[in-house]
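Have a look at the structure below before the remarks.
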Amino acid sequence: MVIRLQTAYALDPMLNHVTSHQPRPLPPNLLEKRNRVRVPQIQQPLIQVKGLQKTYTTGATEVRALRGIDLAIERGEFVAIMGPSGSGKTTMMEVLGCLSRPTAGDYWLNGRAVHEIPAADLAVVRGEQIGFVFQSFNLLPRLDAMENVELPLGYRGVPRNERRARARDALRRVGLEARAHHRPAQMSGGERQRVAIARALVNRPSLVLADEPTGNLDSATGHEIMELLRKVHSEGNTVVIVTHDPAIGQQAERRVTIHDGLLAADSAWTARG
Ligand SMILES: Nc1ncnc2c1ncn2[C@@H]1O[C@H](COP(=O)(O)OP(=O)(O)OP(=O)(O)O)[C@@H](O)[C@H]1O
Ligand SMILES: [Mg+2]
């Protein structure tokens, strides 16, 4: 799993050549009219999946890893995807992260129909919309913290001065400004994961997706990383983590449990009645 994500992340930069399209501002007369009429804004959830299925075919064997999942995640939520080994968590996270396409069903991310995007273009969506945090940090060993955080910006052609400023700001947000010129080998596991979180934030993604972010850390450091992810969430980001650890999942705002490729529980059902 980690290897597959790693490979996809490494490929992103090469494929990520399209810049994001900003909506054009309304002309003043229309703006004024809109403000007067107060048209209610119908906001789609950030993530909406319907009837999501993923089947792996290996030779004559078919594994139905996801068997029809409906799920909506609003902007600004902090969700943990949980479930026993083999239940489909990683598969779900790969689909949500646009690392793989569903076999059937629909997936809208930030209003875009991901299920209609050709596999070759998924990397563009990933680069624009998603900040990844991996279990094994995935930092480049020869680069210092600052250069690692700058990396996603370099691929998008952001000028050097702005790259530096944004990377410094991201490092400040994770409390690591003082380690800007340390390489990964000169930092603790918790510090490396902080750098990785800064890297995930530097592109201002609409979704921060973390795959077992505390899996390689001792429990005290794991809790510090969860604290940081909670802070990232409280600053307005949508955060989705995958974890098999109930103590970690407990720290998210909402828990979605998958069993055998189907949604088995969602703490939002209980909360919303
Ligand atoms: N690339 C693949 N090819 C074939 N089968 C796969 C592939 N990836 C996952 N599977 C199968 O799909 C099912 C779900 O796997 P998945 O990795 O999503 O589970 P998981 O919930 O992440 O488990 P864990 O907690 O052990 O990481 C499993 O039965 C697994 O064997
Ligand atoms: Mg997994």
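The values are calculated or read from the model by the stated rules, or taken from the named source; none is laboratory data. Keep in mind it's a predicted model, so treat the numbers as computed, not measured. Methodologically, a virtual Cβ is constructed for each residue, glycine included, from the backbone with ideal geometry; neighbour enumeration extends over all protein chains shown.
Here are some notes:
- Looking across the range 194-220 at every residue that is in a helix (DSSP H, G or I) and aliphatic (A, V, I, L, M), the one that is surrounded by the fewest Cβ atoms within 10 Å (Cβ to Cβ) is identified as 220.
- Qualifying residue in the range 118-134 (condition: among the aliphatic types (A, V, I, L, M), buried (at least 16 other Cβ atoms within 10 Å of the Cβ) and touching a strand residue (DSSP E or B) at 6+ places or on another chain (Cβ under 6 Å)): yes
- The range 239-264, subset farther than 25 Å from residue 218 by Cα and more than 15 Å from ligand 2 (Cβ to nearest atom), residue surrounded by the most Cβ atoms within 10 Å (Cβ to Cβ): 263
- Among the residues of the range 140-160, those that are modelled with pLDDT of 95 or more and over 24 Å from residue 237 (Cα atoms) comprise 140, 141, 142, 143, 144.
- Which listed residue is basic (Lys, Arg), out of contact with any Gly (no Cβ under 8 Å at 6 or more places or on another chain) and free of Cβ contacts under 8 Å to residues at least 40 places away in the same chain, from 194, 204, 163: 204
- Single residue of the range 240-253 satisfying the filter (of a type outside the set (A, V, I, L, M, F, W, C) and closer than 18 Å to residue 97 by Cβ) that is nearest to ligand 1 (Cβ to nearest atom): 244
- Residue within the range 102-112 that is within 16 Å of ligand 2 (Cβ to nearest atom) and part of a loop (DSSP other than H, G, I, E, B) present: no
- Residue 45 vs. criteria in a loop (DSSP other than H, G, I, E, B) and at pLDDT 95 or above: yes
- Taken over the range 178-204, residues that are charged (D, E, K, R) and modelled with pLDDT under 95 amount to 1.
- Every condition in (1) in contact (Cβ under 8 Å) with a residue 40 or more places away in the chain; (2) out of contact with any helix residue (DSSP H, G or I) (no Cβ under 9 Å at 6 or more places or on another chain); (3) part of a helix (DSSP H, G or I) is met by residue 153 except one, and the failing one is (2).
- Answer residue from the range 56-99, given it is within 12 Å of ligand 1 (Cβ to nearest atom) and farther than 25 Å from residue 120 by Cα and is farthest from the chain's Cα centre (by Cα) among those: 61
- Only one of the numbered conditions (1) in contact (Cβ under 8 Å) with a residue 60 or more places away in the chain; (2) over 17 Å from the mean Cα position of the chain (by Cα) is not met by residue 218, and that is (1).
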